[in-house]
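Only the coordinates and a few stated rules stand behind these numbers; no lab work does. All values derive from a computational prediction rather than experimental measurement. Don't worry about glycine lacking a Cβ; one is built from the backbone with ideal geometry, like all the others, and counts go over all protein chains shown.
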Amino acid sequence: MRSQFLHFAPPLIGDEEIEEVVRTLREGWITTGPRAQRFETEFAQLVGAPAALAVNSATSAMHIALAALGIGEGDEVVTTTMTFTSTVHVIEHQRARPVLVDVEADTLNLDPNKVEAAISPKTKAIVPVHLYGHPADMDPIYAIAQRRGLAVIEDAAHALPARYRDRMIGAPQPGFDFPNLVAFSFYATKNLTTGEGGMLTGPPELVEDARVWSLHGMSRDAFKRYTSDGSWRYDVVLPGFKYNMPDIQAAIGLHQLKRLEAMQRRRRAIVAQYDEALGELAEVDRPVERPEVESAWHIYLLRLRPERLKIDRGAFIEELRKRNIGTSVHFIPVHEHTYYRERYGWRPEDFPVAHREFERMLSLPLSPAHTDQDVADVIEAVTEVIRANRA
Ligand SMILES: *Cc1c(COP(=O)(O)O)cnc(C)c1O
C-alpha cells in the first residue's frame, strides 16, 4: 500500500512556467497585457477559433457569453444537469431560466433526443457540456439550434484538446448560422492550468462584445471614433464585470500550451493502463470514447455495478482513501442541489439517467504528473477493494 496520499488531479508545472512568471514580475506589466494577448492568439490557433478572449475563469467566460448575446430576464437556456454547478449559475446570474435535460447513458453528455422537448418560444440558447473531455454529440444539437434559430454556448471546461469529427472543440461548427461561443477552463485541476483562468472563443465581433463585458463595459474603441486622444480617455457603454486575465497567469498559460501535446500523450497512456487492468473486472464499467471523437480525457470515470458489489459508491471511495488513493465525483447533478431543488421543485428522479449514474460514479486519479508507480498503486487498490467486496 502507498505511504503517501495520491491527489486525484495535481497540476504539471515546469521550470518554463515558473521562469516566465518571474520574468513577468520583473518586467513590471503584471495585469492584462502583451502576454494575455499572445496567449489568446496562440490558443485560437491551436483550436482553430476565429477569435479568443482570455478571462479569469470558464464561469466568467460563460457569463459574458450570455451577456454578449443579450440573454436575460424572460429567456430560457437549455442545458444538462450533469455538470459543474456554475454552468447553470451563470444562467441564474442573468435572471434567465435554466431548463435542464437528462443525459446519454454512455457519455453522460446532454441527450440530443431530449433537447427538442425542452425548447419553448422563450428559448434563446443551448449549452452543451463536453463532459470528462468527451465531446457532446454536436451534429444533432447544432441541427436543432439551426432549425430553431438558437445560439450555442459550449462548456468546454474539460475539452482541451478534443476533437469532434473534423474539428477541434473551440472551432466553429460548419454550416451553423447562429452565434456559437465556446468556454474553456484553466482551473487548477484542468488539462491546462493557469491556477485560475479561462478562454472564450467564437466569431470576432461577438468575442469583442464579450471583451467589453469582461472589463467594466469600458470601450476605448467607441471613444476613438470621436477623437484622436485615446491614451487616457475611455467610455463606459454597459455595466460590465471584472473578468480579465492578468499577464502573470497568461505567462503560465503560454508554457502550458507548449506542454499540452506531451501532457495529453501521458494522459492517454494512463487511460490505456487503466483500461487494460480494469477491463478484466466485471464489477465496474469503464469510460467510452466514441469513434467520431477524440476525447481530451480530462477525467477517468469509473462506474460501479451495484448488483455485483457489497458496498456502495461512498464506501468504495472511503476504502480507496484508506489506501491513500484520492478520488472525486463529477458531478452531483445540478438539480439535486438545495438551491435548485427549492427554486424549481426538481426531484432526484426527474432526470433518471443522471441520478442513477451519479449514484455509482467516481473519478480515478488522472494527471500527466502521475508516475507509472502512481497508476500501478491505483490499479492495485481498486482491484483489492473489488476482490474484498464482491457480492
Ligand atoms: C471546472 C468547470 C467549470 C468552471 O470552470 P472555472 O474555470 O473554475 O470557472 C465549468 N464547467 C465544468 C464542466 C467544469 O468542470
Gap in Å between the Cα centre of region 167-188 and the Cα centre of region 9-47? 22
Counting Lys and Arg as +1 and Asp and Glu as -1, each charge on the Cβ, what is the dipole of region 329-375 about the Cα centre in debye, to the nearest 20? 220
Sequence neighbours fewer than 8 away in the same chain don't count; with that in mind, list the lysines whose C-alpha is under 25 Å from LYS114. LYS122, LYS124
Sort 50-60, 8-18 for me by packing, meaning the mean count of neighbouring Cβ atoms within 10 Å per residue, highest on top. 50-60, 8-18
Asserting the computed 222 nm helical MRE of the chain (DSSP H runs at least 4 long, -39500 (n - 2.57) per run, divided by residue count, to nearest 500) equals -12000 deg cm²/dmol
By the Cα gyration tensor axes a ≥ b ≥ c (a/c under 1.5 gives rounded; else a/b larger than b/c gives prolate, otherwise oblate), the shape of region 61-206 is rounded
Would you mind calculating the gained length between ASP275 and VAL236 on full extension (0.36 nm times residue separation, minus the Cα-Cα distance), in nm to one decimal? 8.7 nm
Rounded, prolate or oblate: pick one for the chain, where a ≥ b ≥ c are the square roots of the eigenvalues of its C-alpha gyration tensor, a/c under 1.5 means rounded, and failing that, prolate if a/b is larger than b/c, else oblate. oblate
How would SER120, SER214, SER363 line up from fewest to most surrounding beta-carbon atoms within 10 angstrom? SER120, SER363, SER214
For helix 204-214, report the angle its Cα long axis makes with the longest principal axis of the Cα atoms of the chain; keep it between 0 and 90° and round to the nearest 10°. 90
Excluding residues on the same chain fewer than 8 positions from LYS322, give the lysines whose Cα lies under 27 Å from its Cα. LYS190, LYS310
Taking amide H positions as placed in the peptide plane 1.01 Å from N, state which residues far from THR81 in sequence (5 or more) or on other chains have amide H under 5 Å from it. VAL101
Yeah, region 288-340 with a ≥ b ≥ c from its alpha-carbon gyration tensor (a/c under 1.5 is rounded, else prolate when a/b outruns b/c, oblate otherwise) is oblate
Length-normalised contact order of region 16-116, Cα under 8 Å, at least 6 apart, in percent, tallies to 19
Just to check I understand the Karplus step: with θ = phi - 60° and J = 6.51 cos²θ - 1.76 cosθ + 1.60, what whole-Hz values come out for region 42-59, glycine and proline as x? 5, 5, 4, 4, 4, 8, x, 8, x, 7, 8, 10, 7, 9, 8, 5, 5, 4
Anyone know which of ALA145, ALA315, ALA354 comes out most mobile in the 10 Å Cα GNM of the chain? ALA315
What range in the chain is the longest one free of trypsin sites (Lys or Arg not before Pro) that are in a loop by DSSP and have at most 10 other Cβ atoms within 10 angstrom? 1-224
Plugging the Cβ-Cβ distance of ALA143 and MET1 into 1/(1 + (r/R0)^6) at R0 = 41 Å yields, to the nearest 0.05, a FRET efficiency of 0.20
Straight-distance crosslink candidates among aspartates and glutamates, where the alpha carbon sits under 17 Å from LYS242 and sequence neighbours closer than 8 are dropped: GLU196, GLU208, ASP209
Rounded to the nearest 10 degrees, the helix 247-278 long axis (Cα) sits at an angle to the longest Cα principal axis of the chain of 20
